[in-house]
Amino acid sequence: MNKQELLLSRSYHIPLAMFDEAFRLFQKKYVYPRNIILTLVLLAVGGVYVHAVIKDSSQTLGYLLIVVCLAMILITWYNTFKLRRSLHEALKEIENDIYELRVYPDGITVLARDADGSAFTVAEVRPETPAQETEEKTDGENGFQQIFPEQEKQPAGADGMSLEPTEIEFGSNVKITEYAEFFMVYLTYMKNFYLIPKKEFSEDELTKLRGLFGRSDQQ
């Protein structure tokens, strides 16, 4: 990323309600479609076995498979909404954090600070993380490994190293969507996202951001 030309720099706070709304919209855009497809497939499979047991009511396996299909549908949607509730509770711990954004022609950097001003970085939860460790940090993937504020904070200067902001270079792996109150920067390769509140910028600055972010989805 070319950091020689700084276009915008801003510090901002993200209200808990905005985080809640952002995650709801995230699930609606990226998780619900997958859940719906899975639900339709399971209903189709279950329908086959319903037809089978109607023709031959002695097929015990058919009844069992119908129950399994229905259970999988319920679990899929239950986990989706359970994750949202769990995330809300976790976000309360970082509700007062401050985020420092720097915008460049080919990307952005984001650094988070506690309310007392100390910076921290975010430990990633990767797919290869052992199951037991991952379960302690998240209630389920649901197409989203873990939103960054819920992850463990590591203070600046840990292990004798200075803290560097997260660098996000514009490209095919970064999906930026504009909503009424914020931009959502979704990192497909990390399965998490960042929020940029629009109220922190003037209309001219928002126009510049839209130009950099490309033709965002207007919601």
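Residues that are closer than 24 Å to Thr188 by Cβ, assigned to a helix (DSSP H, G or I) and at pLDDT 65 or above: does segment 103-113 have at least one? For segment 103-113, residues closer than 24 Å to Thr188 by Cβ, assigned to a helix (DSSP H, G or I) and at pLDDT 65 or above: absent. Quick check, is Val50 out of contact with any Pro (no Cβ under 7 Å at 6 or more places or on another chain), without any contact (Cβ under 8 Å) to a residue 24 or more places away in the chain and either surrounded by fewer than 17 Cβ atoms within 10 Å (Cβ to Cβ) or farther than 18 Å from Phe193 by Cα (or both)? Spelling it out, Val50 is indeed out of contact with any Pro (no Cβ under 7 Å at 6 or more places or on another chain), without any contact (Cβ under 8 Å) to a residue 24 or more places away in the chain and either surrounded by fewer than 17 Cβ atoms within 10 Å (Cβ to Cβ) or farther than 18 Å from Phe193 by Cα (or both). Looking at Ile36, is it under 16 Å from Ile75 (Cβ atoms) and either of a type outside the set (Ser, Thr, Tyr) or in a helix (DSSP H, G or I) (or both)? Criteria met by Ile36.
If the condition is being over 19 Å from Ala112 (Cα atoms) and basic (Lys, Arg), then segment 165-208 contributes Lys175, Lys208. Taken over segment 177-207, the residue count meeting the criterion of being in contact (Cβ under 8 Å) with a residue 24 or more places away in the chain, assigned to a strand (DSSP E or B) and in contact with a Phe, Trp or Tyr (Cβ under 9 Å, 6 or more places away or on another chain) is 12.
From the list Leu70, Leu65, the lone residue that is surrounded by fewer than 16 Cβ atoms within 10 Å (Cβ to Cβ) and either more than 16 Å from the chain's Cα centre (by Cα) or on the phi < 0 side of the Ramachandran plot (or both) is Leu70. Looking at segment 16-30, is at least one residue over 25 Å from Asp114 (Cα atoms), hydroxyl-bearing (Ser, Thr, Tyr), in contact (Cβ under 8 Å) with a residue 40 or more places away in the chain and not in a loop (DSSP other than H, G, I, E, B)? There is at least one residue in segment 16-30 that is over 25 Å from Asp114 (Cα atoms), hydroxyl-bearing (Ser, Thr, Tyr), in contact (Cβ under 8 Å) with a residue 40 or more places away in the chain and not in a loop (DSSP other than H, G, I, E, B).
When residues in segment 35-47 are screened for being under 30 Å from Phe193 (Cα atoms) and surrounded by fewer than 14 Cβ atoms within 10 Å (Cβ to Cβ), 4 of them pass.
Does Leu83 satisfy the condition of being closer than 23 Å to Ala22 by Cα and either modelled with pLDDT of 90 or more or aliphatic (A, V, I, L, M) (or both)? The answer is yes for Leu83.
The values are calculated or read from the model by the stated rules, or taken from the named source; none is laboratory data. Just so you know, these numbers come straight off a predicted model, no measurement behind them. Reconstructed Cβ throughout: ideal geometry from the backbone, glycine too, with neighbour counts over all protein chains shown.
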